[in-house]
Amino acid sequence: MAFPEPKPRVPELPQKRLKTLDCGQGAVRAVRFNVDGNYCLTCGSDKTLKLWNPLRGTLLRTYSGHGYEVLDAAGSFDNSSLCSGGGDKAVVLWDVASGQVIRKFRGHAGKVNTVQFNEEATVILSGSIDSSIRCWDCRSRKPEPVQKLDEAKDGISSVKVSDHEVLAGSVDGRVRRYDLRMGQLFSDYVGSPITCICFSRDGQCTLVSSLDSTLRLLDKDTGELLGEYTGHKNQKYKLDCCLSERDTHVLSCSEDGKVFFWDLVEGALALALPVGSGVVQSLAFHPTEPCLLTAMGGSVQCWREEAYEAEGGTS
């Protein structure tokens, strides 16, 4: 007698709150995993960046050097350096181990909403409300950017980088994709101010959130609309969206205190996770495991799947 093939496991969604980190840095503007998901960064309205072990809830280091609130941060591929941007219009390169500022890049005319390293962490890309993306050479002593992308007609809210592409979302309602190998620019019009964009993990699609409380999944190469996801509330704030670790679900922050999960293919709402009573300002999904970080007010919540057992029990 032949047994039927086992069904592929349904991806488990993180909905068990493991930890709440009281960050002690004013309002948390953004939370970001590092490259392997072992640590996370929190960006505070008190001008500091903090590095945590989120599963243990331990603070590892505080980085001080911004003159105004920190709005975004990213870690390098080898975890040796960080970059951050904020309301002081500066882009800062940090040494992770010492906590020291390596370089401060100035040139933006307005606050810096978004920062990313390229894959080798030799260049930092920063997007600002001054409508430009600037590329800063981490190894050069020159104060000016090596490149400036200024096609946007309004502020840049979100930038993501792959090995040869720059993806940018702007308040002018357009997603722009710069193909650096081909020297080409592709633009897709969404129509509503864009708050966040990201690549799918397989690199085939782009996910776009905008202030009409809608997420859109676009084919990266053709711009074709593959899916729309609604139910959350996003009309006023710059909120994060992302895909789960295996591209099975689309996630978004919401202004009504929840994180929404939709099935990527079917578009159906899979889970509305209650976080609290404020705006869920930021979220980050672990690169390989069903683990979610959410930021609300001055704290960050760490979520795992129901079956997850923390080492030494949960607290």
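The values are calculated or read from the model by the stated rules, or taken from the named source; none is laboratory data. Quantities reported herein were computed from a predicted structural model and do not represent experimental measurements. FYI the Cβ positions are ideal-geometry reconstructions off the backbone, even for glycines, and counts take in every protein chain you see. Side chains are part of the model used for accessible areas, which takes the heavy atoms of the whole protein and leaves out ligands, DNA and RNA. Shrake-Rupley method; radii C 1.70, N 1.55, O 1.52, S 1.80 Å.
Using 1/(1 + (r/R0)^6) with R0 = 41 angstrom and r between the beta carbons of Asp137 and Thr62, what's the FRET efficiency to the nearest 0.05?
The value I calculate is 0.90.
In segment 204-307, what trypsin sites (Lys or Arg not before Pro) fall in a loop by DSSP, with at most 11 other Cβ atoms inside 10 Å?
Loop-located and lightly packed - Lys236.
For Ser81, which sequence-distant residues (separation of 5 or more, or a different chain) have an amide H within less than 5 Å of its own amide H, given hydrogens modelled in the peptide plane?
Amide H to amide H, under 5 Å and 5 or more residues apart or across chains, Ser81 pairs with Ser76, Val96.
If amide hydrogens are placed 1.01 Å from N in the peptide plane, which non-local residues have theirs closer than 5 Å to the one on Ile102?
Those qualifying (amide H under 5 Å, at least 5 residues apart or on another chain) are Leu93, Trp94, Asp95.
Here are several values of Cα extents along the principal axes in Å: [x] 94, 46, 39; [y] 70, 46, 40; [z] 72, 57, 35. Which one was derived from the coordinates shown?
Checked against the structure: label [y].
Apply 1/(1 + (r/R0)^6) to the Cβ-Cβ distance of Arg181 and Gln100, taking R0 = 25 Å, and write down the FRET efficiency to the nearest 0.05.
0.10
What's the magnitude of the charge dipole for segment 184-315 around its Cα centre, counting Lys and Arg as +1 and Asp and Glu as -1 at the beta-carbon? Answer in Debye, nearest 20.
Value, rounded to 20: 500 debye.
For Glu309 paired with Ala109, estimate the spin-label separation in nm (one decimal), with each label point 7 Å from Cα along the Cα-to-Cβ line.
Modelled inter-label distance: 6.0 nm.
Under the Karplus relation 6.51 cos²θ - 1.76 cosθ + 1.60, θ = phi - 60°, what is the ordered set of whole-Hz ³J(HN,Hα) values for segment 45-58, x standing for Gly and Pro?
3J(HN,Hα) across segment 45-58, in whole Hz: 6, 8, 6, 10, 10, 10, 10, 10, 9, x, 6, 8, x, 9.
Positive end of the charge dipole of the chain (Lys, Arg +1 and Asp, Glu -1 on Cβ, about the Cα centre): tell me which of Ser282, Cys138, Ser244 has its Cα farthest that way.
Cys138
Provide the FRET efficiency to the nearest 0.05 for the Val146-Leu269 pair, computing r from the beta carbons and using R0 = 51 Å.
With a Förster radius of 51 Å, E is 0.70.
List the residues, sorted by chain then number, that are 5 or more residues from Val259 or on another chain and whose placed amide H is less than 5 Å from its amide H.
Leu273, Val275
Starting from the Cα gyration tensor of segment 184-261, take the square roots of the eigenvalues, sort them a ≥ b ≥ c, and report rounded, prolate or oblate (rounded when a/c is under 1.5, otherwise prolate if a/b is larger than b/c, else oblate).
oblate
With θ set to phi - 60° and the Karplus curve 6.51 cos²θ - 1.76 cosθ + 1.60, what are the ³J(HN,Hα) couplings of segment 254-268 in order, to the nearest whole Hz, using x for Gly and Pro?
These are the phi-based 3J(HN,Hα) values: 8, 7, 9, x, 10, 10, 9, 10, 10, 5, 4, 7, 7, x, 7 Hz.
Find the accessible area per residue for the chain; the probe is 1.4 Å, ligands and nucleic acids are left out, and the unit is Å².
Per-residue value: 44 Å².
Tell me, what % of the accessible area of the chain is carbon and sulfur with a 1.4 angstrom probe?
Answer for the chain: carbon and sulfur cover 49 percent of the accessible area.
Answer with one residue from Ile197, Phe33, Cys83: the one whose Cα lies farthest towards the positive end of the charge dipole of the chain, charges on Cβ with Lys, Arg +1 and Asp, Glu -1.
The residue sitting most towards the positive pole is Cys83.
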